[in-house]
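The values are calculated or read from the model by the stated rules, or taken from the named source; none is laboratory data. Note that the coordinates shown come from a computational prediction; the quantities given were computed from them, not determined experimentally. So basically every Cβ, Gly included, is an ideal-geometry build from the backbone, and we count neighbours across all protein chains shown. These accessible areas exclude ligands, DNA and RNA; they are computed on the full protein's heavy atoms, side chains included. Shrake-Rupley method; radii C 1.70, N 1.55, O 1.52, S 1.80 Å.
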Amino acid sequence: QHYTFNHMKITTALQFSGGKDSLALLHLWREKLDHTLVCWVNTGAAYPETVRQMFQIAADVPHFLEINSDQPSNVKENGYPTDLVPLHFIPQGRAVVTNDRDYRIQDTFSCCSVNIWFPMYQAMKDNGITTVLRGQKNSDKYKTPFRSGYSQEGITYLFPLEDWTDEQVLKYLSDNNVTLPEHYAQGEKKSHDCWNCTGYLDEDAGRIHNLPVAQRTETIRRLRVINAAIKFQAQPLKQILLDHDDDNDYLPYTR
């Protein structure tokens, strides 16, 4: 770990990604940072600019913890994350189905769970954290199912921005002269986590488009593998629907 923190009795952690919401939360919480551990998960596939941002944050706050995982190794073993899961090619499927195609695929949430969510949670438990702050908002598309004040396994979760909108977050940052990462000026709307992520495509088309050429080429290559696996496994479904194309009263499907 590049950063450590003073092991005084700190029981509050602010989970930080470097995106607009966590930046707003960090500024909003600035008067209480002496008693707060700011935490970030470095997956091993972090953007270089995100790593530089975290070095700066670590220098600016009293207590910072970098939590390390190994996304590249996990992806090599379990496959590229995708929002559309071809069952035969996920780890469980490859164990029971014989294929002549060595596609390695995992679902997006499994990848995030192993490489971000669980390492963060385990760090909270290991460091005696009892209160967790997140920049989660009710307006977010992807969010935990619980709300601010929820407690589980000795940890209470607080979401100070819960009722904010994206527009309110951006206005707050502007009013307080908090600089956004450069990718927001390129039309992106969320934090940079793994540069090679192939999930969350409903939100990530712009992010992938903005990658440097070599990284974009590699990400597109991975998406082509995912597409081939999905098309292969979708053939029986497609054929059944085509065979029953006259059953339009029952199947909401149109060729």
ask   = Just wondering, is there one or more residues in region 158-166 that are in contact with a Leu (Cβ under 8 Å, 6 or more places away or on another chain) and either part of a strand (DSSP E or B) or open to solvent by 90 Å² or more (accessible area, probe 1.4 Å) (or both)?
value = yes
query = How many residues does region 175-195 contain that are under 17 Å from GLY18 (Cβ atoms) and assigned to a loop (DSSP other than H, G, I, E, B)?
reply = 12
task = Give ASP204, ASP245 a once-over and let me know the one that is free of Cβ contacts under 8 Å to residues at least 60 places away in the same chain, exposed (fewer than 13 other Cβ atoms within 10 Å of the Cβ) and charged (D, E, K, R).
result = ASP245
request  = Please work out if THR144 is open to solvent by less than 50 Å² (accessible area, probe 1.4 Å), more than 25 Å from ASN196 (Cα to Cα) and not small (Gly, Ala, Ser).
outcome  = no
So GLY128, is it touching a helix residue (DSSP H, G or I) at 6+ places or on another chain (Cβ under 6 Å) and assigned to a loop (DSSP other than H, G, I, E, B) = no
remark   = Inside region 25-56, the number of residues satisfying the requirement of being touching a residue at least 40 places away in the same chain (Cβ under 8 Å) and farther than 24 Å from ASN210 by Cα is 7
task = Those residues that are under 24 Å from PRO160 (Cα atoms) and open to solvent by 20 Å² or more (accessible area, probe 1.4 Å), I need them from region 43-56; list them, please.
result = GLN53, GLN56
query = Can you name the number of the only condition in (1) closer than 22 Å to ASN78 by Cβ; (2) at pLDDT below 90 that LEU241 fails?
reply = (1)
task = Identify, by number, the condition in (1) at pLDDT below 95; (2) under 21 Å from GLN71 (Cβ atoms); (3) open to solvent by 40 Å² or more (accessible area, probe 1.4 Å) that PRO236 doesn't meet.
result = (2)
task = Scan region 29-66 for residues that are closer than 23 Å to VAL114 by Cα and of a type in the set (Val, Ile, Thr) and jot them down.
result = VAL38, VAL41, THR43, THR50, VAL51
key: Residue count, region 22-42 (criterion: open to solvent by 10 Å² or more (accessible area, probe 1.4 Å) and more than 22 Å from THR11 (Cβ to Cβ))   = 2
ask   = LYS141 fails exactly one of the following numbered conditions: (1) more than 23 Å from ILE57 (Cβ to Cβ); (2) modelled with pLDDT of 95 or more; (3) basic (Lys, Arg). What is the number of that condition?
value = (2)
